[in-house]
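The values are calculated or read from the model by the stated rules, or taken from the named source; none is laboratory data. What you are looking at is a predicted structure, and each value in this text was computed from that prediction instead of being measured. Virtual Cβ from ideal backbone geometry, glycine too; neighbours counted across all protein chains shown.
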Amino acid sequence: METNYKRQYRQMDDTTKQKISQALRGRTKSATHAQSISDGLKNYWKQVPNKPNNNETKNEENE
């Protein structure tokens with residue numbers, strides 16, 4: 001059974017990254033809260049695959 005995530009790949013546009021960065025400026029979190037967020041995101045990103053490279057896909061098809 002495959003889990004559906006909001007994002008399909010890790011990469012995102014630089015403009016999107018900049019908007020997120022600006023929105024989160026000035027907010028503070030406790031050390032325990034920051035560690036909990038870090039642990040949760042590490043577990044989440046282990047599940048999201050990298051976007052396939054077209055060259056790798058073509059090489060696999062030819063083999």
Apart from one, (1) in a helix (DSSP H, G or I); (2) exposed (fewer than 10 other Cβ atoms within 10 Å of the Cβ); (3) at pLDDT 90 or above all hold for Glu61; the odd one out is (3)
How about segment 12-41: which of its residues are in a loop (DSSP other than H, G, I, E, B) and surrounded by 10 or more Cβ atoms within 10 Å (Cβ to Cβ)? Met12, Lys29
When you go through Lys46, Lys51 one by one, which is the residue that is assigned to a helix (DSSP H, G or I) and at negative phi? Lys46
